[in-house]
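Engineer: Starting off with a structure, shown below.
The values are calculated or read from the model by the stated rules, or taken from the named source; none is laboratory data. Predicted model only: the values in this text are computed from it and were never measured. Neighbour counts run over all protein chains shown; Cβ positions are idealised from the backbone, glycine included.
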Amino acid sequence: MLIPNHGLGYLATALKKSGHQPLIVDCIRDGIRPGRLLDLITQNDIRVVGIQVYTFDLEMLCEYLGPLKQKGLTVITGGPHPSAAPFEFMHDCPEVDYLVRGEAEHSLPRLLDLLARNPSPSPDHLRAIPGLVFRTGDAVEGSPPEFVDDLDSLGWPDWDQISPLSYPVAPQGTFTRHLPYAPIIITRGCPYSCTFCAGKLVSGRKIRTRTVDHVISELKYLVERFGIREFHVQDDNFTFNREYVLEFCERLKNENLNLSWACPNGIRLDTLDAVMLKSMESSGCYSVAVGIESGSQRVLNLMKKQTGLDRMINQVKLIRKTTSWHITGFFILGYPGETVSEMIKTIRLARRLPLDKANFGILMPLPGTEAAQAAQAMGWNPDRDLKRMSEYRSPFVPDGISAGRFRWLFRWAFISFYARPRIIGRMIRQIRSADQIKILFHRFWDVIAP
């Protein structure tokens, strides 16, 4: 998945409001290696560099940090991994000067304002900035993060710097109905307790929602500025507030923007009902992903999904009965304590449900999660294994199965689901560009490669 980076886009907007001149550089999109990055830094007279870090970026990150510090730059990091394990991250990355955990739209401008006045600020001044983690001699300390209640006050991401037209057609769900498209975020926060998810460590537990007016205005801008014909809601909890969803869909219809839309990041099945489904479809929604995770109620309980397997099965059937949507199911294999027979149950459930696509992910023991604690209790070593983690390759293998057999089971999950005429035919009919063919090939290779 390679899509416009909302996090950096919102930070750029916040920094501009404070009088700074941020430059977003997407090294992955543009294939920028450390040498080229240093050239850009020199050309633009940049003195402070901020890096967003995901857990699977750790190995690549090491290639960039050394040259940045050798050039005498101030290095600030943020993002999911530093937010989840801030003190461990600062210990492991001595090249990093500051870390901002959680939401940084208020904290980062304050830090840069402080550094502009004094390149070596006192600990007392640093402690006053929410979410800031910093060094005091040989120690590391930090302040608790604060989360923004009024999301409208943040404005929109700096779309000129993260233009949807500058990215390949590589949406989270692979396919689109219309092009060009743009991803948007409507809510932040997650009140649920799923043990495998680190989302609440980044955006908190409290659900916060932009007003419908604010979202509609952004969509109008994206239509006028970039000619988008489709948008994807990237939220974790878009359907949490039923009345909001109904109001949003009604406004979307009344505005006659003629946009198709989808929810590829996943929505909770237990938030849906027939009225909501019909309202979403009538306003242009044509595709959703749903988090099912496991075919075993025992494993769902370990994951603290807080819902029943039978209810989720019935909800998937309700979507199929009520709408003509494309439905993607998310599943996790290899949860700590999961047995081989339970993994097979999950694979068979995916085939049995009326799904169009299934995404089987190997459990990633993300820092700060209960799943990581459970994996460590079974012998997983994060100091050794974190840098080898990705969606389709995790160094953690649950007890009772060899690494080789686990890898075979993972491949079999994908092959047994997708090697069916109905599934293949629907996927072929959804292809809109050569980029999507490339994405399918790369994802297939990630699954079958040794």
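Engineer: Based on this model, can you work out whether L40 counts as assigned to a helix (DSSP H, G or I) and either at negative phi or surrounded by 21 or more Cβ atoms within 10 Å (Cβ to Cβ) (or both)?
Structural biologist: yes
Engineer: R177 is checked against (1) in contact with a helix residue (DSSP H, G or I) (Cβ under 6 Å, 6 or more places away or on another chain); (2) surrounded by fewer than 20 Cβ atoms within 10 Å (Cβ to Cβ); (3) not assigned by TED's automatic domain parsing to the domain that holds A84 and fails just one. What number does that condition carry?
Structural biologist: Every listed condition holds for R177 apart from (1).
Engineer: Another question, then. Can you confirm whether region 274-285 contains a residue that is part of a loop (DSSP other than H, G, I, E, B), at pLDDT 95 or above and more than 30 Å from P86 (Cα to Cα)?
Structural biologist: Among the residues of region 274-285, at least one is part of a loop (DSSP other than H, G, I, E, B), at pLDDT 95 or above and more than 30 Å from P86 (Cα to Cα), which makes the answer yes.
Engineer: Would you mention how many residues in region 251-275 are under 20 Å from T176 (Cβ atoms) and surrounded by 14 or more Cβ atoms within 10 Å (Cβ to Cβ)?
Structural biologist: 11
Engineer: Check F248, F231, F226 and return the single one that is over 25 Å from G78 (Cβ atoms), of a type in the set (F, W, Y) and surrounded by fewer than 18 Cβ atoms within 10 Å (Cβ to Cβ).
Structural biologist: Checking each option against the conditions leaves just F226.
Engineer: Right, another one. Residues I41, I28, I51, I24: which one is over 28 Å from G137 (Cβ atoms) and touching a strand residue (DSSP E or B) at 6+ places or on another chain (Cβ under 9 Å)?
Structural biologist: Going through I41, I28, I51, I24 in turn, just one is over 28 Å from G137 (Cβ atoms) and touching a strand residue (DSSP E or B) at 6+ places or on another chain (Cβ under 9 Å): I41.
Engineer: Would you mind stating whether G404 is in the same structural domain as F417 (by TED's automatic domain parsing), of a type outside the set (K, R) and within 23 Å of the chain's Cα centre (by Cα)?
Structural biologist: So G404 fails the test.
Engineer: In this structure, does R127 turn out to be touching a Gly at 6+ places or on another chain (Cβ under 9 Å), free of Cβ contacts under 8 Å to residues at least 60 places away in the same chain and either surrounded by fewer than 16 Cβ atoms within 10 Å (Cβ to Cβ) or not assigned by TED's automatic domain parsing to the domain that holds T13 (or both)?
Structural biologist: yes
Engineer: Name the one entry in P354, P398 that is closer than 23 Å to K278 by Cα and part of a loop (DSSP other than H, G, I, E, B).
Structural biologist: The conditions single out P354.
Engineer: Would you mind finding the one in S120, S83, S153 that is hydroxyl-bearing (S, T, Y), under 23 Å from L15 (Cα atoms) and outside any helix (DSSP H, G or I)?
Structural biologist: After applying the criteria, what remains is S120.
Engineer: Could you say whether any residue in region 16-26 is under 18 Å from the mean Cα position of the chain (by Cα) and at pLDDT below 95?
Structural biologist: Yes, region 16-26 contains a residue that is under 18 Å from the mean Cα position of the chain (by Cα) and at pLDDT below 95.
Engineer: Something else: Yes or no: region 206-220 includes at least one residue that is surrounded by 19 or more Cβ atoms within 10 Å (Cβ to Cβ) and in a loop (DSSP other than H, G, I, E, B).
Structural biologist: So far as region 206-220 goes, yes, one or more of its residues are surrounded by 19 or more Cβ atoms within 10 Å (Cβ to Cβ) and in a loop (DSSP other than H, G, I, E, B).
Engineer: Okay, next question. From the list R210, R229, R225, which one is modelled with pLDDT of 95 or more and either touching a helix residue (DSSP H, G or I) at 6+ places or on another chain (Cβ under 7 Å) or outside the structural domain of Q306 (by TED's automatic domain parsing) (or both)?
Structural biologist: Only one candidate passes the filter, namely R210.
Engineer: Name the one entry in L58, L65, L165 that is part of a helix (DSSP H, G or I) and either crowded, with 18+ Cβ neighbours inside 10 Å or out of contact with any helix residue (DSSP H, G or I) (no Cβ under 8 Å at 6 or more places or on another chain) (or both).
Structural biologist: Exactly one residue qualifies, and that residue is L65.
Engineer: Six or more apart or on different chains, Cβ under 7 Å: which pairs go from a residue in region 334-347 that's in contact (Cβ under 8 Å) with a residue 12 or more places away in the chain and in the same structural domain as R411 (by TED's automatic domain parsing) to one that's assigned to a helix (DSSP H, G or I) and of a type in the set (S, T, Y)? Could you list them?
Structural biologist: I347/S416
Engineer: Moving to a separate point now. Among the listed residues K321, K345, which satisfies the condition of being exposed (fewer than 14 other Cβ atoms within 10 Å of the Cβ), among the basic types (K, R) and assigned to a helix (DSSP H, G or I)?
Structural biologist: K321
Engineer: Which pairs turn up if I take residues in region 319-330 that are outside the structural domain of P354 (by TED's automatic domain parsing) and look for partners that are at pLDDT below 95 and surrounded by fewer than 19 Cβ atoms within 10 Å (Cβ to Cβ) with beta carbon separation below 8 Å, at least 6 apart in sequence or on another chain?
Structural biologist: Close Cβ pairs (under 8 Å, with a partner that is at pLDDT below 95 and surrounded by fewer than 19 Cβ atoms within 10 Å (Cβ to Cβ)) do not exist here.
Engineer: Being within 26 Å of the chain's Cα centre (by Cα), surrounded by 20 or more Cβ atoms within 10 Å (Cβ to Cβ) and of a type in the set (D, E, K, R) is true for just one of E103, E146. Which residue is that?
Structural biologist: Residue meeting the stated conditions: E103.
Engineer: Which of the residues belonging to region 263-293 are over 16 Å from G199 (Cβ atoms), within 20 Å of the chain's Cα centre (by Cα) and either outside the structural domain of E250 (by TED's automatic domain parsing) or small (G, A, S) (or both)?
Structural biologist: Result: S287, single match.
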